[in-house]
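I have placed the structure first, in the form of structure tokens, so that the comments after it can refer back to it.
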Amino acid sequence: MLFLMNDHVLQLDPKGATLAAKSVEGQRLTFISTLNLGQEMFAKDPDLHRKNPQHAHLLANLLVAKQPSVNAALFFAPTHNCQPKDVIVRYCQVDYFLLGQLLNLEKAHGHGNWANQEVWNKLSQKS
């Protein structure tokens with residue numbers, strides 16, 4: 001399963017979402033509270049998706065568990081250690097074929113600039 005976290009395509013284990021779903025039920029997290037958790041995480045470290053892939057995978061699995069149609073999330077923190085409320089959040093569903101292309105481009109070129117161009121910039125134009 002693929003999930004776009006900011007400009008990085010994560011390869012999730014399908015079992016991870018199932019395990020997260022079970023833990024979410026126990027904690028009674030909602031989709032919104034999971035987004036809030038992401039804001040807290042990215043407020044502390046805007047590069048979380050690169051520097052701490054385990055936390056990025058956990059957050060992605062929690063988001064999928066609470067909203068299975070979502071396979072992309074953007075958490076934009078203006079600075080390190082900012083207030084969680086200052087972290088801008090966007091989420092959407094991206095075509096799986098496009099996610100695969102973005103993953104291949106990221107592997108070939110070592111960065112995810114295409115994710116910004118093909119997903120987040122286009123999403124902001126629709127708003």
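The values are calculated or read from the model by the stated rules, or taken from the named source; none is laboratory data. In this text, all values refer to a predicted model and were calculated from it rather than measured experimentally. Note: ideal-geometry Cβ built from the backbone for every residue, glycine included; neighbour counts use all protein chains shown.
Values computed for the structure shown
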quantity	calculated
Criterion violated by residue 94 - all others in (1) in a helix (DSSP H, G or I); (2) crowded, with 17+ Cβ neighbours inside 10 Å satisfied	(1)
Subset of the stretch 28-39 [of a type outside the set (Val, Ile, Thr) and surrounded by 13 or more Cβ atoms within 10 Å (Cβ to Cβ)]	29, 31, 33, 35, 36, 37, 38, 39
Selection within the stretch 112-127 - exposed (fewer than 11 other Cβ atoms within 10 Å of the Cβ) and not in a helix (DSSP H, G or I)	127
The stretch 18-47: number of residues that are free of Cβ contacts under 8 Å to residues at least 12 places away in the same chain, assigned to a helix (DSSP H, G or I) and either under 24 Å from residue 82 (Cα atoms) or under 10 Å from the mean Cα position of the chain (by Cα) (or both)	2
Filter result for residue 61 (part of a helix (DSSP H, G or I), surrounded by fewer than 20 Cβ atoms within 10 Å (Cβ to Cβ) and of a type in the set (S, T, N, Q))	no
Residue match in the stretch 88-104 (condition: in contact with a strand residue (DSSP E or B) (Cβ under 6 Å, 6 or more places away or on another chain) and over 18 Å from residue 3 (Cβ atoms))	yes
Of the criteria (1) closer than 20 Å to residue 119 by Cβ; (2) touching a residue at least 40 places away in the same chain (Cβ under 8 Å); (3) in contact with a helix residue (DSSP H, G or I) (Cβ under 8 Å, 6 or more places away or on another chain), which one residue 99 fails	(3)
Single residue of the stretch 67-85 satisfying the filter (farther than 30 Å from residue 96 by Cβ and surrounded by 12 or more Cβ atoms within 10 Å (Cβ to Cβ)) that is nearest to the chain's Cα centre (by Cα)	84
Condition broken by residue 64, with the remaining ones in (1) farther than 14 Å from residue 2 by Cβ; (2) aliphatic (A, V, I, L, M); (3) in contact (Cβ under 8 Å) with a residue 24 or more places away in the chain satisfied	(1)
Boolean, residue 106 is free of Cβ contacts under 8 Å to residues at least 40 places away in the same chain, of a type outside the set (Phe, Trp, Tyr) and under 21 Å from residue 11 (Cβ atoms)	no
Qualifying residue in the stretch 26-48 (condition: of a type outside the set (Asp, Glu) and in contact with a Lys or Arg (Cβ under 6 Å, 6 or more places away or on another chain))	yes
Filter pass, residue 74 being touching an Asp or Glu at 6+ places or on another chain (Cβ under 7 Å) and either at pLDDT 95 or above or assigned to a helix (DSSP H, G or I) (or both)	no
